[in-house]
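Read the structure below first, then the notes.
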Amino acid sequence: MNQKPKDKNKLYALHAPEVECIGKGKARQPYEFGVKAGFAVTHKKGLIVGARTFPGNPFDGHTLAEQLEQTRILIEEHGTSPKQVYVDLGYRGVDHANPDVEIIHRGKYKSMLKADRKRLKRRQAIEPTIGHLKADHGMRRTWLKGATGDALHVVLCAAGFNLKWLMRAIALYLPLFAVMAWMKNIMQAMKHEQSSRYRLHQARLVTVEN
């Protein structure tokens, strides 16, 4: 193989020709080899509502429309759709390609309302989500073959993250549900006791009158 450092469409792995060299821009790990993946998470709770791969290492801004399309398909049965999107600076200049949503990023900070500036800080919550996907859910390396395997692997990792999120929510609110059920049983017992006393009192009145 005769490849040079600045050649395009280079082959990085014989067993996985779809692998790309992705520049991260970080001092600790400037490059990663794999397939670019995108995620959409809810603003308040951090639940993943979209996960897909983008073969060919496209520009970040060019992936937003496809990511929003998948998200709309996944949440359309709930009667809702994305209205505002909080992204990083890699998504600048794509407002005209996504007219149905309001794209908010740090480049518009001076013209933002105070509430939007506060909500923009939540965008950073996607970083630990990606970290958990890699460290806890096996997204750092896929064992499935080909571009289809990469796409399936990302979806499965996101599903595992959501299941763990749901289990934490159940563990958090289960004691509250138990207390509510206990209080409901007590109220029903008290109501039954009051009803029994009322019937007994009525029976006594009837006996006296007779």
Projected onto their principal axes, the Cα atoms of region 1-73 stretch, largest extent first, over whole-Å spans of 49, 28, 22
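Of K83/K164; K45/K114; K110/K134; K8/K36; K26/K121; K108/K164, which ones are farther than 24 Å apart at the Cα?
Result: K83/K164; K110/K134; K108/K164 exceed 24 Å.
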Once amide hydrogens are built 1.01 Å from N within the peptide plane, the residues lying 5 or more places from E102 or on another chain with amide H under 5 Å from its amide H are Q84, V85
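What does DSSP give for the chain in terms of the percent of beta bridges that are antiparallel, rounded to the nearest 5?
Of those bridges, close to 75 percent are antiparallel.
Taking only protein heavy atoms into account and a 1.4 Å probe, give the accessible area per residue of region 131-190 in Å².
Working: 4550 Å² over 60 residues.
Accessible area per residue, region 131-190: 76 Å².
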Descending packing, highest mean Cβ count within 10 Å first, for 10-21, 60-71 is 60-71, 10-21
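Helix-only mean residue ellipticity at 222 nm, the chain, DSSP H runs n ≥ 4 weighted -39,500 (n - 2.57), per residue, nearest 500. What is it?
Details: 4 runs with 94 residues, N = 210.
So the calculated ellipticity at 222 nm is -15500 deg cm²/dmol.
Can you give the accessible area per residue of region 1-70, in Å², using a 1.4 Å probe? Working shown, then result.
Details: 4810 Å² over 70 residues.
On a per-residue basis, 69 Å².
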For M180, the accessible surface traced by a 1.4 Å probe with all protein chains present amounts, in square angstrom to the nearest 10, to 110 Å²
The relative contact order of the chain, taking Cα pairs under 8 Å that sit 6 or more residues apart, comes to a percentage of 14 percent
Expressed in square angstrom to the nearest 10, the accessible area of I170 with a 1.4 Å probe stands at 90 Å²
Ranking K8, K36, K121 from most to least accessible area with a 1.4 Å probe gives K8, K121, K36
For the chain, the percent of accessible surface on carbon and sulfur atoms (probe 1.4 angstrom, ligands and nucleic acids excluded) is 59 percent
Here, the chain modelled as identical Cα point scatterers in vacuum has Debye log10 I(q)/I(0) at q = 0.08, 0.13, 0.14 Å⁻¹ of -0.45, -0.88, -0.99
For region 15-100 the chymotrypsin sites (Phe, Trp or Tyr not before Pro) that pass both the DSSP coil test and the at-most-14 other-Cβ-within-10 Å test are F59
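The values are calculated or read from the model by the stated rules, or taken from the named source; none is laboratory data. All values reported here derive from a predicted model rather than from experimental measurement. Methodologically, a virtual Cβ is constructed for each residue, glycine included, from the backbone with ideal geometry; neighbour enumeration extends over all protein chains shown. The accessibility values were calculated without ligands, DNA or RNA, using every heavy atom of the protein model including side chains. Shrake-Rupley method; radii C 1.70, N 1.55, O 1.52, S 1.80 Å.
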